[in-house]
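A short worksheet on the structure shown next.
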Amino acid sequence: VIGLGISGKAAARLALARGASVVGIDQDESLSSLEHDPSFMALNSTGFKTVLGNFDWNLLKDADVVVVSPGVPLEKYGLSYLLQSGKQVMSELDFAAEALPKSVKILAVTGTNGKSTTVTFAGQMLNHFGIDTFVGGNLGISLSEAAIQHVTSPAQECMLKVAVVEVSSYQMAIPCMYFRPSVSVVLNLTPDHLERHKTMLDYAEHKCRLFSHMTNAKLGLLSFGNQHLDEAVKKYWNKFNPAWIGAFPGLEIDMEAKIATFKVPDIGIESQLQLGSMRALGKHNYFNAAVAALSVAGLDVGLHIEDINSTIEKLRPPPHRMQVVHKDIHGVTWVDDSKATNVEATYAGLMGLKGQKSVILLGGLAK
């Protein structure tokens, strides 16, 4: 397992739970060895070793499987060479999906902005109706954690029905074999992470890999009118049922009336969603909620848009995303939007406050 951040640690624990001998590798020598980490010791496994800093390249050549954390570029550790040589090199996402029951339906959401909120809303909608749902991925809890739960309690019937997974472009750097979404969403695409992707087309191609293992019966949602996505998705066009965010077939939103209209005839969806009761700040959250609703309806788990109307007022964005943290005695509302890590995300948050007097505190990297 290469890269021992959140995803790497989870993948290592999953490999141990599946009975493998595992070497965890990270070039950061300041990390602590994981042999005495309680979460590893709980697996009662002696087949784990941490290697920090420089390492023997034969460790990779001799491994049956190499699992790569999303933060590790393929240019490092000779990973590109290993892939070309036929070695089984997998992303943490794919490694986790391989261990999940085939009955679990996956809703995968990517895009430059809005991923975390859309995934959070979709999870809240499903949980509202008692559907056992995992919510995570790039959001903070690795998909491997869901797989560990299944692997370590095989005697029990798997209760998990849906995995709602936020996916970053880095997680799709290695083509997947086992991560096969029932519904895939690419929310939008604006310049970001170009220090790694170099071009917008490469960035778009990584995003569109979500569609690579779908079938015609499954729903794929894309942002309408983005030339890079239009180009990148061409190779997958016959692999899924396409719908658009901002056009039909797909969904459109009347911002003044606060109504989302859905028309996707190929999967029998034609309905409306009332958004006026939303408490989440910002009109951009109308889109996040509407995309979440259509995605959930497309999963074919017995929920329809009409059912989802009852959840809208209960939706809450994730922490640090247009989160009201305080209303003081002077009538000032303090909003935490520190999840906005690029210009477009910040812009969307500010536009959500249009018409109100605002004082804006900004910091961070000038991407």
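The values are calculated or read from the model by the stated rules, or taken from the named source; none is laboratory data. Keep in mind the model is a prediction, meaning the values are calculated, not measured. Glycine also receives a Cβ, built like all others from the backbone with ideal geometry; neighbour counts cover every protein chain displayed. These accessible areas exclude ligands, DNA and RNA; they are computed on the full protein's heavy atoms, side chains included. Shrake-Rupley method; radii C 1.70, N 1.55, O 1.52, S 1.80 Å.
Here are a few things to note about the model shown:
- Selection within segment 243-275 - touching a helix residue (DSSP H, G or I) at 6+ places or on another chain (Cβ under 8 Å) and farther than 21 Å from residue 300 by Cβ: 253, 255, 258, 274, 275
- Within segment 100-137, the set of residues being among the small types (Gly, Ala, Ser) and either open to solvent by 30 Å² or more (accessible area, probe 1.4 Å) or farther than 20 Å from residue 177 by Cα (or both) comprises 103, 111, 114, 116, 122, 123, 130.
- Against the test of being buried (at least 17 other Cβ atoms within 10 Å of the Cβ) and closer than 21 Å to residue 97 by Cα, the options 16, 52, 34 yield a single qualifying residue, 16.
- Residues (closer than 14 Å to residue 281 by Cα, of a type in the set (A, V, I, L, M) and either open to solvent by 70 Å² or more (accessible area, probe 1.4 Å) or out of contact with any helix residue (DSSP H, G or I) (no Cβ under 8 Å at 6 or more places or on another chain) (or both)) located in segment 298-334: 324, 325
- Among residues of segment 142-160, those that are surrounded by fewer than 24 Cβ atoms within 10 Å (Cβ to Cβ) and touching a helix residue (DSSP H, G or I) at 6+ places or on another chain (Cβ under 8 Å), counted: 7
- Residue within segment 25-43 that is among the aromatic types (Phe, Trp, Tyr) and farther than 25 Å from residue 150 by Cβ present: no
- Every listed requirement among (1) open to solvent by 50 Å² or more (accessible area, probe 1.4 Å); (2) within 21 Å of the chain's Cα centre (by Cα) is met by residue 217 save one, (2).
- Screening the candidates 109, 89, 72, 119 for the property of being aliphatic (A, V, I, L, M), modelled with pLDDT of 90 or more and in a loop (DSSP other than H, G, I, E, B) yields one hit, 72.
- Enumeration of residues in segment 335-360 that are touching a residue at least 60 places away in the same chain (Cβ under 8 Å), touching a His at 6+ places or on another chain (Cβ under 8 Å), assigned to a loop (DSSP other than H, G, I, E, B) and open to solvent by less than 80 Å² (accessible area, probe 1.4 Å): 352
- Evaluation of residue 279 against the conditions (1) more than 30 Å from residue 327 (Cα to Cα); (2) in contact with an Asp or Glu (Cβ under 7 Å, 6 or more places away or on another chain) shows that the sole unmet condition is (1).
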